Amino acid sequence: MHIVIMGCGRVGSTLAHILEDRDNTVAVIDRDPEAFRRLRSAFKGDRVTGIGFDRAVLTQAGIERADAFAAVSSGDNSNIIAARVARETFGVDRVAARIYDPRRAEVYERLGIPTVATVRWTADQMLRKLLPEGGEPLWRDPTGKIVLAEVAFSPAWIGEQVKSLEANTTTRVAFVDRLGQAFVPEAGSVLQEGDVLHVVARESDLDRIAASFATRGGEH
């Protein structure tokens, strides 16, 4: 794959190195030529100086043959404009934009641009390190409403099929972690001792789900 990255800060340079190590060709755009010092001396990709949403600059970076485009500069507006140009002008299917303001993420998602809300994501990761296990969602969508979360369940559910728990608690189990191995539950999957359940739900429903998982027919 050929991937174009706008922004050669810590995120952009790290991303460039990882992608190149995975045998992709990479072009990095930054308006400050000094930023390219963050790239290792052995970096084989292109270094393009210029504004990341300028069509001529993008063309120089190989956007016309790019399989993906990442906008990770320090400016929200620049990132979203560049991502839209890559998608709408050059027809790049895989685009993503880093956004610092989480309030904007929902708007940009509606425009069809996948976003990474940096502040919200970082806060979530910090909370997961600080709070008890399961105290903070593993993932949330850019709107902040839908989450993937680990939820404990009562031993009373052991031996029951996952689909039975789902039906009784009106909850979707995304996957089960069993002895360090994750799997998507099938029709006949039965809960075992030590299983860790991960659900996809509205964050506002997590308390209800936790209460439902904690009891079964009056048993705790």
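Read-outs throughout are calculated quantities, based only on the coordinates presented, and are distinct from any laboratory measurement. Owing to the predicted nature of the structure, the values given are computational and were not obtained by experimental measurement. Methodologically, a virtual Cβ is constructed for each residue, glycine included, from the backbone with ideal geometry; neighbour enumeration extends over all protein chains shown.
Taking only DSSP H segments of four or more residues, each worth -39500 (n - 2.57), what value at 222 nm results for the chain once the sum is divided by all its residues, to the nearest 500 deg cm²/dmol?
Numbers: 7 runs with 65 residues, N = 220.
Mean residue ellipticity at 222 nm (helix-derived): -8500 deg cm²/dmol.
Please tell me the relative contact order of the chain in percent, rounded to the nearest whole number, where contacts are Cα pairs under 8 Å and at least six residues apart.
13
Considering only DSSP beta bridges with both partners in the chain, what is the antiparallel share in %, to the nearest 5?
Working: 18 of 38 bridges.
Just about 45 percent of them are antiparallel.
Given the Cα-Cα distance of S189 and N24 and 0.36 nm per residue of separation, how much length would full extension add, in nm? Walk me through the numbers on the way to the answer.
On the way: separation 165, 0.36 × 165 = 59.40 nm, distance 3.89 nm.
Here the answer is 55.5 nm.
Multiply the residue gap between L111 and D32 by 0.36 nm, knock off their C-alpha separation, and tell me the result in nm, one decimal place.
On the way: separation 79, 0.36 × 79 = 28.44 nm, distance 2.87 nm.
Going from the current span to full extension adds 25.6 nm.
For segment 8-43, which trypsin sites (Lys or Arg not before Pro) are in a loop by DSSP, counting at most 15 other Cβ atoms within 10 Å?
Working: sites: R10, R22, R31, R37, R38, R40; in loops: R22, R31, R40.
Here the trypsin sites (Lys or Arg not before Pro) that fit, given the DSSP loop and packing criteria, are R22, R40.
With log10 I(q)/I(0) by the Debye sum over Cα atoms at q = 0.13, 0.16, 0.19 Å⁻¹ in mind, check [x] -0.66, -1.02, -1.45; [y] -0.71, -1.12, -1.63; [z] -0.83, -1.00, -1.20 and report the label derived from this structure.
Answer label, from the structure shown: [z].
Take peptides 157-166, 81-90 and line them up by average Cβ neighbours within 10 Å, highest first, as a rough protection proxy. Write down the numbers at each step before the final one.
Details: 157-166: 16.0, 81-90: 20.3.
Going by the mean number of other Cβ atoms within 10 Å, highest first, we get 81-90, 157-166.
Using a Förster distance of 41 angstrom, determine the FRET efficiency expected from the C-beta separation of A211 and R94, and round it to 0.05. Before the final figure, lay out the partial values.
Values: r = 40 Å, r/R0 = 0.97.
Between A211 and R94 the formula returns 0.55.
Assuming a ≥ b ≥ c are the square roots of the Cα gyration tensor eigenvalues, decide whether segment 2-115 counts as rounded (a/c under 1.5), prolate (otherwise, with a/b larger than b/c) or oblate. It would help to have the intermediate numbers written out before the result.
Values: a/c = 1.65, a/b = 1.42, b/c = 1.17.
Judged from the Cα gyration tensor, segment 2-115 comes out prolate (a/c at least 1.5, a/b above b/c).
In a GNM of the chain with a 10 Å cut-off on Cα contacts, which of A71, A42, A96 has the highest mean-square fluctuation?
A42
Quick check: Cα centre of segment 167-217 to Cα centre of segment 1-50, how many Å?
Cα centres, segment 167-217 to segment 1-50: 41 Å.
I need the calculated FRET efficiency for the pair S74 and K145, taking r as the beta carbon distance and R₀ as 25 Å, to the nearest 0.05.
With a Förster radius of 25 Å, E is 0.40.
Classify segment 131-213 from the C-alpha gyration tensor, please: rounded if a/c falls under 1.5, else prolate or oblate depending on whether a/b exceeds b/c.
On the way: a/c = 1.64, a/b = 1.49, b/c = 1.10.
In terms of gyration-tensor shape, prolate.
For segment 20-69, what class follows from the C-alpha gyration tensor (a ≥ b ≥ c being the square roots of its eigenvalues): rounded when a/c is under 1.5, otherwise prolate if a/b is larger than b/c, else oblate?
Values: a/c = 2.62, a/b = 1.11, b/c = 2.37.
In terms of gyration-tensor shape, oblate.
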